[in-house]
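FYI, it's all coordinate maths here, none of it is from the lab. Note that the structure is predicted; figures quoted are calculated from it, not measured. As a convention, Cβ positions derive from the backbone with ideal geometry for all residues, glycine included, and neighbour counts pool all protein chains shown.
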Amino acid sequence: MDSNETRIKIAVQKSGRLTDHSMDLLVRCGLRYSRGRDQLICYGENMPIDVLLVRDDDIPGLVQEDVCDLGIVGGNIIEESRLNIEETSKTEIFKKLVSLDYGHCRLSFGIPDGDDFLGSESLEGKRIATSYPAIVKAYLKENEINASVIQFSGAVEIAPSLGRADIICDLVSSGATMKAHNLYEAKTILESTATLIQTPSILVDSKTDWINRLLQRIKGVLQAKESKYIMLHAPRDALQEIRRLLPGSEAPTIIPLEGRQDKVAVHAVCRENVFWGTLEDLKDAGASSMLVLPVEKMLA
């Protein structure tokens, strides 16, 4: 069993839109873990990695202060924390390692239905309710807009109907929540996705080696997510066109077919999704016996 000093601690949102995706990502990277009932720590059984389940807005601070070595958190939380940390401290903040392909959302201004939005100047003199005051204040300052920022810890969308604010600035995924509260999305000021961050502290070599290995596996999982393995038969004289049609493919493998001189088998990893339209175009080019398979793991 590894000592506590050499085990990597990863902070993950304990409950929310990133939780299941984050734990699934770690499992796809090979982590097997045990977790007791009501425990907020998942202990890695086959890797020196433990997962701490915490509030998402606590993750940047835990990583920046070296309580945790790594953290998975939304870009919106990262930017809000970065602005607050830089305002109060000159110490180095956490490092961004890689953006992950989930948790996509955006921070946008919401305007009451019936009110016009003619651009950033429409924010002048307004009361803006938000859970991200540092980001909104930075945007207003950058655009030389005078407006009041009112911090809301939750249910930001009800602020205008309560008379607490004129407009809001909140996270948007589908936009359904804003519409349900008679608001419309007017302007996006931040695009956000789940991101892996690392402590700025110098780590022992054993931790660094495992973090590099984990990072390589994460990149492999992300590559494999949209990649497909495609097999088909093709006339030799159509190979150039078929190679052009294979989405995101590098050099495919060409295999002679037994007893055929005019046809070959083509195997290729496509790093982009293979749609029905792609298969139809390949068929028109002469391809046949096409088979598309998901890619579970990929290591470059």
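Normalised size of the chain, defined as Cα radius of gyration per 2.2 N^0.38 Å with N residues, equals 1.29. Gain on full extension, evaluated as 0.36 nm per residue between residue 191 and residue 241 minus their Cα-Cα distance, stands at 14.2 nm. Each Lys and Arg Cβ is given +1 and each Asp and Glu Cβ -1; about its Cα centre, the chain then shows a dipole of about 800 debye. Remark: segment 105-191 is approximated by an ellipsoid whose semi-axes, taken from the C-alpha gyration tensor as √(5λ), come to 17, 14, 13 Å, largest first. The slack between residue 231 and residue 257, meaning 0.36 nm per residue of separation minus the straight C-alpha distance, is 8.1 nm. The Cβ shell under 12 Å around residue 13 holds other residues with a net charge of -1, Lys and Arg each +1, Asp and Glu each -1. Given +1 at the Cβ of Lys and Arg, -1 at the Cβ of Asp and Glu and no other charges, the dipole of segment 164-300 around its Cα centre is 300 debye to the nearest 20.
Does anything in segment 175-192 have its amide N under 17 Å from the 7 Å Cα→Cβ label point of residue 99, and if so which residues? Residues 188-192 qualify, since their backbone N sits under 17 Å from the label point. Distance from the alpha carbon centroid of segment 16-68 to that of segment 99-132 works out to 32 angstrom. Label positions at residue 272 and residue 116, each projected 7 Å from the Cα along the C-beta direction, are separated by 4.1 nm. For the pair residue 215 and residue 144, the difference between a 0.36 nm per residue extended length and the Cα-Cα distance amounts to 21.5 nm.
For a 27 Å ceiling on Cα separation, which of these pairs sit above it: 95/137; 137/207; 96/297; 219/263; 14/95; 96/225? Beyond 27 Å between Cα atoms: 137/207; 219/263.
Output the peptides 249-258, 11-20, 234-243 sorted from most to least packed, where packing is the average of other Cβ atoms within 10 Å over each peptide's residues. Write out the running numbers ahead of the final one.
On the way: 249-258: 12.4, 11-20: 18.1, 234-243: 16.2.
Ranked by mean Cβ neighbours within 10 Å, highest first: 11-20, 234-243, 249-258.
Per-residue Cβ neighbour counts within 10 Å put 192, 122 in the sequence 122, 192, beginning with the fewest.
Just name one of 51, 202, 163: the one whose Cα is farthest towards the positive end of the charge dipole of the chain (beta-carbon charges, Lys/Arg +1, Asp/Glu -1). Checked the options; the winner is 51. Cross-link reach is defined here as a Cα-Cα straight distance under 18 Å, omitting same-chain residues fewer than 8 places apart; for residue 179 the lysines meeting it are 187. For segment 105-191, the dipole from Cβ point charges (+1 on Lys and Arg, -1 on Asp and Glu) about the Cα centre works out to 280 debye, to the nearest 20.
When a footprinting reagent is the concern and you count Cβ atoms within 10 Å, what order do 276, 210 take, fewest first?
276, 210
If you take all other residues with their beta carbon under 12 Å from the beta carbon of residue 273, and give Lys and Arg +1 and Asp and Glu -1, the sum is +1.
If I fit a long axis through the Cα atoms of helix 19-28 and take the longest principal axis of the Cα atoms of the chain, what angle between them do I get, 0 to 90°, rounded to 10? Around 30 degrees separate the two axes.
Count Lys and Arg as plus one, Asp and Glu as minus one, and take only other residues whose Cβ is under 12 Å from that of residue 213; the net charge is then +2.
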